[in-house]
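Just below is one structure, and these are the notes that go with it.
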Amino acid sequence: MKRIAVLSVLFLATAASASPQTNPPPAPPSAAQAAPAPSPPVVPADPASVCGYVTNEQGETPASQDIFPVDITQIDGKSTPLQPENRYRTKPGTRVLTVSDAIPPHYLPASAIAQIAKMKRLAEQRAYKKLEVEVKPGVIYAVGARLLRDKLDVDSIHDNAYWEPVVWDQRAQPCK
């Protein structure tokens, strides 16, 4: 996101020096108006692979983009092992993941922390969300929780609408 903003500024500066403008260039969007983070690049399937992977541990989640860890509790309705794994092997095709957010409290406003804890305690199964992932053979998909900062009001927290599950990275990962 920062690269895009820097390139935009450089482009606007170059255009301004090349030809005079009567109107100043538009101001860059504020954080509240910024477009959502771009989707991860699409990785081609590996025809020699017979499976794909989903993970919640693909290195450091990009907190600068408001994406944080999740816990993957089910894949296609089947519970994942109680001892977390760094990746889960799946068959290619559409997979439905059930996830819960693991957003560290220090990224949340103090007023929201207790409300979120109460919602999770009372909502039980509603505190989890489903995410459909089209798994290609030979690809690993990193899953996270995108914090929706504009949804940290009491009603949105009560409705568990303050975050959404996302695939934030895809990489080639052979699977035989």
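The values are calculated or read from the model by the stated rules, or taken from the named source; none is laboratory data. This one's a predicted model, so the numbers in the text were calculated from it and none came from an experiment. Ideal geometry is used to build each Cβ from the backbone, glycine not excepted, and the neighbour counts take in all protein chains shown.
This table checks each residue for (1) of a type outside the set (F, W, Y); (2) part of a loop (DSSP other than H, G, I, E, B); (3) at pLDDT 50 or above.
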residue: A35; (1), (2), (3): yes, yes, no
residue: D46; (1), (2), (3): yes, yes, yes
residue: Q58; (1), (2), (3): yes, yes, yes
residue: Q74; (1), (2), (3): yes, no, yes
residue: Q83; (1), (2), (3): yes, yes, yes
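Is it the case that segment 122-130 has a residue that's surrounded by 12 or more Cβ atoms within 10 Å (Cβ to Cβ), in contact (Cβ under 8 Å) with a residue 60 or more places away in the chain and under 19 Å from the mean Cα position of the chain (by Cα)? Looking through segment 122-130, none of the residues is surrounded by 12 or more Cβ atoms within 10 Å (Cβ to Cβ), in contact (Cβ under 8 Å) with a residue 60 or more places away in the chain and under 19 Å from the mean Cα position of the chain (by Cα). For segment 160-176, what are the residues that are out of contact with any strand residue (DSSP E or B) (no Cβ under 8 Å at 6 or more places or on another chain) and at pLDDT 95 or above? Matches in segment 160-176: A161 only.
Count, please, the residues in segment 60-72 that happen to be part of a loop (DSSP other than H, G, I, E, B) and either in contact (Cβ under 8 Å) with a residue 12 or more places away in the chain or touching a Lys or Arg at 6+ places or on another chain (Cβ under 9 Å) (or both).
Count: 4.
Kindly indicate whether S64 is closer than 12 Å to V143 by Cα and hydroxyl-bearing (S, T, Y). Spelling it out, it is not the case that S64 is closer than 12 Å to V143 by Cα and hydroxyl-bearing (S, T, Y). Taken as a whole, the condition of being under 30 Å from S49 (Cβ atoms) and either outside the structural domain of S49 (by TED's automatic domain parsing) or surrounded by 12 or more Cβ atoms within 10 Å (Cβ to Cβ) (or both) applies to R171.
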